[in-house]
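Q: Take this structure, written in structure tokens, and hold onto it; I'll ask about it next.
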Amino acid sequence: MGRLLYLASLLLGLLAGAQAECMEKTVHKPWYMLTPAEQTAFIEAELCLMELPSTSGYEGAQTRWDDLQFNHIVQTQVVHDVGHFLPWHRYYVAIHGFMLRDECGYTGPLPYWDETADSTLSSLDESPVFQEDAFGGTGSGPQRYITDGPFANLTLRLQRIGEPADEYRISRSLNSFFLGGASQASLNSCFQVQTYTAAWECWHGQTHSAGHIAVGGLNSDVVLSPGEPVFFLHHGWLDAMWWKWQTLDLPGRLTDMGGRNVATDMFLRLLQLPAPGPEWRDYDGDEGGNTTTLNHVLYAANLYPNVTVGDVMDVGGETICAEYFYSDSFTVEVTTLVDGILTPATF
Ligand SMILES: [Cu+2]
């Protein structure tokens with residue numbers, strides 16, 4: 001009998017293990033590659049999250065969208081200008097997808113904004129992302145609030161930590177000029193960098209900032225930006241780029257991590273962010289050093305379990321369980337060293 005129980009528990013353990021594996025990968029694609037039906041279903045799922053009541057208990061939060069935004073608000077000073085900037089935002093993009101799936105029944109592809117394609121537009125009004133039947137267009141009036149599209153009436157309320165909730169809407173000032181940081185030439189320069197320790201700064205300062213500033217308004221607010229649905233399209237794109245960079249040298253880049261784990265004083269001062277206290281610095285799994293390691297813990301504000309950087313390095317692994325599709329026109333041109341000779345290569 002004891003042996004039977006032992007075998008049964010072994011079997012259950014195996015089944016549980018199998019469940020944790022990545023069985024069905026979430027597909028990530030540029031927005032314009034979704035079918036019209038998929039686009040509609042995605043927008044409806046976003047609206048669903050924006051209507052579901054908050055369950056987090058955070059002061060001022062009223063909807064699940066607020067709960068999702070809070071995860072970023074509470075640790076803005078912890079997850080930018082650091083090596084775990086890319087892994088944390090990879091997990092955050094995934095969490096957004098998990099919530100759409102688990103709470104709103106959305107099983108279609110997750111869209112990202114193909115910013116390199118749009119960086120050649122003379123006006124972002126022409127972008128497929130900023131159409132009335134997509135995410136709406138630019139803002140107007142003194143507060144630059146958007147007036148068209150499915151999110152024009154979205155009410156947000158959360159402010160920085162310590163500031164009382166106060167209602168606002170999505171503001172935007174679309175400006176294609178700033179998307180230059182996402183141009184082909186800019187991308188190529190980041191893809192050229194061979195180690196993560198150097199590469200993350202290129203992605204953070206150059207390509208990442210471009211999309212935030214080009215959308216402007218709420219999306220250019222370093223703390224509150226995830227209140228804007230386009231934030232997740234922007235970070236989905238950035239993650240697609242990091243993953244592409246990783247795939248150019250696998251398996252080495254599945255474990256290539258580094259960079260400081262505390263933002264510079266200059267960055268914190270510039271963005272008026274509080275210095276991360278010991279509750280963050282002692283919590284990060286990096287054994288006290290100022291280097292991001294694979295053991296660094298990514299805090300998820302109780303939306304989903306906390307994971308480590310190592311858990312999210314492989315987008316096809318059990319934690320993220322996703323795959324990225326790229327537009328047909330997507331290429332990167334880098335110069336690589338082949339047998340001691342610098343050789344241009346296109347991927
Ligand atoms: Cu962020």
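Q: So which residues in region 72-110 are assigned to a loop (DSSP other than H, G, I, E, B) and in contact with a His (Cβ under 6 Å, 6 or more places away or on another chain), if there are any at all?
A: His84
Q: If we keep just the residues of region 70-86 that are within 17 Å of Leu303 (Cβ to Cβ) and not aliphatic (A, V, I, L, M), which is nearest to the chain's Cα centre (by Cα)?
A: His72
Q: Here's something else I'd like to know. Out of Gln39, Gln69, report the one residue that is assigned to a helix (DSSP H, G or I) and either within 16 Å of the ligand (Cβ to nearest atom) or touching a Pro at 6+ places or on another chain (Cβ under 7 Å) (or both).
A: Testing whether each residue is assigned to a helix (DSSP H, G or I) and either within 16 Å of the ligand (Cβ to nearest atom) or touching a Pro at 6+ places or on another chain (Cβ under 7 Å) (or both) leaves just Gln69.
Q: Across region 125-136, which residue is nearest to the ligand (Cβ to nearest atom) among those that are buried (at least 23 other Cβ atoms within 10 Å of the Cβ) and assigned to a helix (DSSP H, G or I)?
A: Among those residues, the one meeting the criterion is Val129.
Q: Looking at (1) out of contact with any Lys or Arg (no Cβ under 6 Å at 6 or more places or on another chain); (2) surrounded by fewer than 18 Cβ atoms within 10 Å (Cβ to Cβ), find the lone condition where Ala165 falls short.
A: Failing condition for Ala165: (1).
Q: Which of the numbered conditions does Gly97 fail, given that it passes all the others? Conditions: (1) within 16 Å of the ligand (Cβ to nearest atom); (2) in contact with a Leu (Cβ under 6 Å, 6 or more places away or on another chain); (3) closer than 17 Å to His235 by Cα.
A: Only one criterion in (1) within 16 Å of the ligand (Cβ to nearest atom); (2) in contact with a Leu (Cβ under 6 Å, 6 or more places away or on another chain); (3) closer than 17 Å to His235 by Cα is unmet by Gly97, namely (1).
Q: Any chance region 105-115 includes a residue that's within 16 Å of the ligand (Cβ to nearest atom) and hydrophobic (A, V, I, L, M, F, W, C)?
A: Within region 105-115, one or more residues are within 16 Å of the ligand (Cβ to nearest atom) and hydrophobic (A, V, I, L, M, F, W, C).
Q: Taking the residues in region 308-342 that are exposed (fewer than 11 other Cβ atoms within 10 Å of the Cβ) and on the phi < 0 side of the Ramachandran plot as candidates, determine which candidate is modelled with the highest pLDDT. Talk me through it step by step, then tell me what you get.
A: In the first step, residues of region 308-342 are kept if they are exposed (fewer than 11 other Cβ atoms within 10 Å of the Cβ); the result is 328-329, 337-342.
Narrowing the set further to residues that are on the phi < 0 side of the Ramachandran plot leaves 328-329, 337-338, 341-342.
Values: Asp328: 89, Ser329: 86, Leu337: 63, Val338: 67, Ile341: 70, Leu342: 65.
Restricting to residues being exposed (fewer than 11 other Cβ atoms within 10 Å of the Cβ) and on the phi < 0 side of the Ramachandran plot, the top hit is Asp328.
Q: Is at least one residue of region 246-263 in contact with an Asp or Glu (Cβ under 8 Å, 6 or more places away or on another chain), part of a loop (DSSP other than H, G, I, E, B), closer than 25 Å to Pro111 by Cβ and within 16 Å of the ligand (Cβ to nearest atom)?
A: no
Q: Tell me, yes or no, whether region 209-223 has at least one residue that is within 14 Å of the ligand (Cβ to nearest atom), part of a helix (DSSP H, G or I) and surrounded by fewer than 18 Cβ atoms within 10 Å (Cβ to Cβ).
A: Yes.
Q: Take the conditions touching a strand residue (DSSP E or B) at 6+ places or on another chain (Cβ under 7 Å), within 30 Å of Ser186 (Cα to Cα) and surrounded by 19 or more Cβ atoms within 10 Å (Cβ to Cβ) and apply them to Ala263. Does it pass?
A: no
Q: Can you find even one residue in region 129-139 that is closer than 27 Å to Trp242 by Cα, modelled with pLDDT of 95 or more and among the β-branched types (Val, Ile, Thr)?
A: Yes, there is a match, as at least one residue in region 129-139 is closer than 27 Å to Trp242 by Cα, modelled with pLDDT of 95 or more and among the β-branched types (Val, Ile, Thr).
Q: Here is a check on your reading of the model: is Thr292 assigned to a loop (DSSP other than H, G, I, E, B), within 30 Å of Ala185 (Cβ to Cβ) and of a type in the set (Val, Ile, Thr)?
A: Taking the combined requirement at face value, the residue satisfies it.
Q: Okay, next question. Report, by residue number, each residue of region 177-208 that is farther than 30 Å from Leu154 by Cα, assigned to a helix (DSSP H, G or I) and of a type in the set (Val, Ile, Thr).
A: Thr197
Q: Also: Being in contact (Cβ under 8 Å) with a residue 24 or more places away in the chain and within 27 Å of Met241 (Cα to Cα), is that true of even one residue in region 56-65?
A: Yes, there is a match, as at least one residue in region 56-65 is in contact (Cβ under 8 Å) with a residue 24 or more places away in the chain and within 27 Å of Met241 (Cα to Cα).
Q: So which residues in region 295-347 are in a loop (DSSP other than H, G, I, E, B) and aliphatic (A, V, I, L, M)?
A: Ala300, Ala301, Leu303, Met313, Val315, Ile320, Val332
The values are calculated or read from the model by the stated rules, or taken from the named source; none is laboratory data. Model, not experiment: these values are computed from the prediction. With ideal geometry, Cβ positions are generated from the backbone for all residues, glycine too; neighbour counts draw on all protein chains shown.
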